[in-house]
Structure formats: C-alpha cells, structure tokens
1. Mind giving me the nanometre distance, one decimal, between the label points for C552 and S177, set 7 Å out from Cα along Cα→Cβ?
2. Which value, in Å², gives the accessible area per residue of region 99-310 when a 1.4 Å probe is used on the protein heavy atoms?
3. By per-residue mean of other Cβ atoms within 10 Å, what is the highest-first order of 203-209, 436-442?
4. Using 25 Å as the Cα-Cα cut-off, could you pick out the over-long pairs in K263/K559; K117/K330; K152/K442; K117/K363?
5. Return the FRET efficiency for the residue pair L131, D337: r is the Cβ-Cβ distance, R0 is 35 Å, and the value is rounded to the nearest 0.05.
6. Fully extended, how many nm does the chain gain between L265 and K593 (0.36 nm per residue separation, minus their Cα-Cα distance)?
7. Which order do C576, C552 take by accessible area at a 1.4 Å probe, largest first?
8. For the pair M579 and R122, how long in nm is the line joining their label points, each one 7 Å along Cα→Cβ?
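The values are calculated or read from the model by the stated rules, or taken from the named source; none is laboratory data. Model, not experiment: these values are computed from the prediction. Backbone-built Cβ (ideal geometry, glycine too); neighbour counts: all protein chains shown. Protein only, heavy atoms only, side chains kept; ligands, DNA and RNA dropped before computing areas. Shrake-Rupley method; radii C 1.70, N 1.55, O 1.52, S 1.80 Å.
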Amino acid sequence: MYIYLGLFKILPAPAKPASAEPIRPIQSFTVGVRRGGRQRFGHTEGGRCGDRRPFCTPTRNRTAPMGKEESPQVTRRTTRSSSSATVATKTCDPHPLTIKDLVFGEDPISLNDLLSKFPGRRIQILELVRLLGASNSPMLPLFIYGGTSSGKTSIVLQMFRHLNRPFVYSSCRTCYSPRILFESVLNQLLLHRKDAANVYSSAKRCERPSDFVNFLREALSNVINNFKGNSGKLGTKKLVGQADGNMVYLIFDNLELIREWDKSLTILPFLFNLYDILKMPEVGIIFVSNTSPDTYYSNMGYMEPIPVYFPDYTEDDLRQIFMKNQANRKLYSSFLDVVLRSFCRITRRMDELSTAFLPLFQKYCEPLHDLGVVPNEEMKRRLFSHLQPQIAPSLNEVFKVSSQSSPAAESNKETKKKSSRRKLGVCAEIDELDFHMSTSAKYLLISAFLASRNPATLDASLFDSMGGIDSRKRKRKSSQKSLEKKENAEQELLMKGPGTFPLERLLAIFQCLTSVAEGSIDEEEQGDEGLGVQGGDGGLMSDVLLQLSSLCNANFIVKGGSCPLEGSTRYRSTVCEDMALKVARSLKFPLSKYLYRR
C-alpha cells in the first residue's frame, strides 16, 4: 500500500525481526513557517526577510536508533545569519563618542600659526579672540558676516582649534529644515551617532522650538556638569584632548538660508532670542552669515549680537593666499602679475579665482619643459604672449558673458531676432545694446529702474504670484478730465525725477523678477552653448552685490544718501525709460507689466 503526501511517496515500513531496534523512515517531514521566499534543504532562495508562509520541507536523516538522544542540527541559513550578525557587530561598531569629541579633534595651534594661516585676516582674528575672552568667561552672541568665500567659517573653526574649547557646529546648508537643524545640535551634545544599529535615527525627535529648548537646556547642563566634574577631578593636571574651560559654543553657519524656509518668520527670531531663553552663562552662540545684520531685523525684540565684518580680500591679500604652498614661487608670482589685477576687477571670491586660475596656470606653463626654472624677462614675455589669448575668454566665463558662440548658435540667434523684429515691427537698432552686460546685471538694472519709478506701497500688488499687473482688466473709456489729471501727474513725476530705494527693496524686486523669468531663461540657455548662466537661488550671477557695485561705478545706479531713520544707504536709478526698454527687450522681459503708469 502506497501513501502519497505532497510530492513524496511513503513506502510501507519493511518487516523487522523482533530483536532489532525500530528504524526511522528515510523521508520525514518538517512543517513550519518559512521566512523569506522558497526554502529547500536548509537554505533560502529569494524572497524578503520577514515574509512568513507555511512550508513543508523534506529532511534527510541517517538511520539512527529511536531511543538515543540527538543533538540539534544547525542549518546553513542559521550559520549564515549568525556569522553575518557577528561581522556586522564588528564592522559597524566604531569607537563610542565621548565628551572629548566636542573639541576640534586635532592638536591645538598657536596664535601665530593661526595668523599666518589666514593672510589679510589679522584684525578679524584678534577681534574674535578678544570677544571670546578667556576660558569660562561669559560672552554675548556674535554675528560674523561677509561675502562668500571670505574665510569666515574656516577662521571660526580654526579659532576653536587654537582655543581648544568645545563647540557644536551646524550648517543651515546641510540642515535644511528646522527639525534637521534641531536634531543635529542635540545629536552632537548627546554624543549620538547615526548608524545602522539605531536605524540612522536621531537621539531625540524634535520639531517644535519649545521642545528644542527643553532638550537643549537638559543636554547643555549635562555637558557642562561633565566638564566641571572632569576639571575638579584633574585639578591643575591637564590630559591630552581635554577641553579648556566649561563653556560650550553653538555655531550656526549659513544663516541666510533660513530665510528660504517655510517657517523662517518664526525660526530666525527664535534663534536670535535663544541666548535670552536659555539664560545659561556657560553657553556662547555664534552666527555666521553672508548677509549683513540689517537683513534680519524683525518686529520681535531680542538682544542684538555683536557684529564682526569680514571684508573682501584686497589684491595683496589674494596674492599672499595664492603664493602659499607654491613649489616655484617666482614662476607663480610672474603668473599672478599677468592675471590677478584683471580678475580682481570682476570678483574677489577665492573659490571663483582658484577655479579660473588653475587651467590658466597650466596653459601658462605649457612652453616650459622644467617647472622649476626661474623665469627671466624674456621668458616672462614669451609666456605672457602664449597666455594672452586665453585671458579674455576666462574673464567672460567668470563674468558669465559669452565671448564667442558657435556658428550654428549665431545663425539660430539671428533667425530668432529677425522673426521677432518682423512680429514687433521695430528696427534692428532698438533691440541691440552698445555694450556687454551680464544677464544678472541686466535684471538688476531693471529692478533698480522699477524701484525708482514705482511707489514702494505697490510692490505687493505689482510683484504678486500672477506676475505683474493684469492687462486683461476691463478698461473704461477715459474722460477728458481724467486724461488731463493723468498728464499733470506724469509731468509732476517727471519733474520730481526717480525716487530712492533701500538695498533690501532692490534685492526683493530682483528676486521676484529672476524667479518669474527662470523658466524661460533655462529654455533659452539650453540652445545657446556660449552662455553658461545657471538658474537657482544663486541667481544668474555669482555675486549680486558685486554687480551692484559695478553698476554704481558705471553710473547706471547712484547712491542717494542714507535715511536717518533706517540708517542704511539708499540708491537711485539714472537709467531712462528708453534704455530700460532696450535692456528688457534684450532679455525678452515684459517690462510694461511691472511698470506703474499713473
């Protein structure tokens, strides 16, 4: 008699003598729960871990007496899982964080080394040393600001390496939301590291500022008490890596990026009020920003931080910085004599200059067989003549202006111009400018023109989400009296001339215009290989304030004095309406939609 169960056939047990022990069948069945896919003979094939399904697996057993006790067998799957767990425990368990990890982590440097490491920043470094004071001395919040790539963050971090004091650093560029910012600060204070063991989660889940204050006060108290306990135990004896003092400093970098957050109107005043909220003299707060403190003023009262300004590098400072760590200083000095002054008229940002100088110096050294040679006057002239054709295209690349364009792009551009002229019915001379100007400078010039001609009270209605005044409104027929009134108003406005405006209003209008024109600019630049304009928050130009300075030097915009109530410089546009329309046509920008007509 045969019995079928599933795919296996069970044979009847053979007759056995009376004296023999009972024999197990060759095939036995194990019924259980399968985890993760199809399992055959002790190993898993495919499937996800945690997927439970019933299975019936044949297990081969050798013939053994029934009465003897068997040792449990370890399957291949169990062996693999246990071994992998052991390996994961060994590899994913770095050294645990201690209180010493709040210090910089490298050997402290002297003040002279710090000053020599950052040429042109002696005044700012000494000022920061004075404001931070001696160890365990309370301090007011600091606000360090200056242009991009002016050495603010590097100097602050190296300053704490020199002082050997504990600090917590958080950048608003990587911490792009309030929750990430709060949890980043708490993770460092609680000595918590995200890894696979904790599923890359934070020590505390914190989204509200009120919860952050409670968690922060508790974490700071524990860290400060830990430092006090260590200093009391050690007395005058100081160990390697031990922090100097009991102060803990909170550093918030790239503070200007918070203004782009959804909750910026509450987060910024909260951070500026954090010193008053904590009321802990052992805590110092440092803000690092690319914009001045004037751009952060709000209606909420708080203790103003002490400003520390980092000005742009001078030409001598840039020369000292570039000359550091050069193998052949005389050769590189001759190269800087050729290119540095020309590039300093456009930008003084270290990142842009270093990016532009790297290929130029390689081109400069192409005629040389030995890079260690000391150039004489004749060699300098030969190297300069070899490099000269590359300087103008590199300058235009930094300035975001195309020096040359491909023939296909030129013909395509000419076709577009002819078609637009046929549609508009205007002559060729109207749309063309007599000078080169970057796209960013053009939008900045239009923004200044609108700020001078439009009343400030109408900015909200002119630059709304719909993009300017809707020209499709129902127009009523103007009477003779209204026409005369409008004419008199225009004459009065013409006699008054363009009005003045603050820098904040200019930048706000510039941001609105570039955000509206961002999509059309991207489409236009995809077909134009010559222009390398980039969209995004960085603007169509690397430094808008530098463009404003260039427009002021060219007398397109003049400074109109400072307001005694606001305390900030005001500007005035000197561009006529015909000139503004010409610039707007070159950008295909609808200037009339944003220009207020009385």
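1. If labels sit at C552 and S177, their model points lie 4.0 nm apart.
2. Accessible area per residue, region 99-310: 48 Å².
3. 436-442, 203-209
4. As for pairs spanning more than 25 Å Cα to Cα, those are K263/K559; K152/K442; K117/K363.
5. Using R0 = 35 Å, I get an efficiency of 0.40.
6. Between L265 and K593, full extension yields an extra 115.1 nm.
7. C576, C552
8. Label-label distance for M579 and R122, simple model: 4.3 nm.
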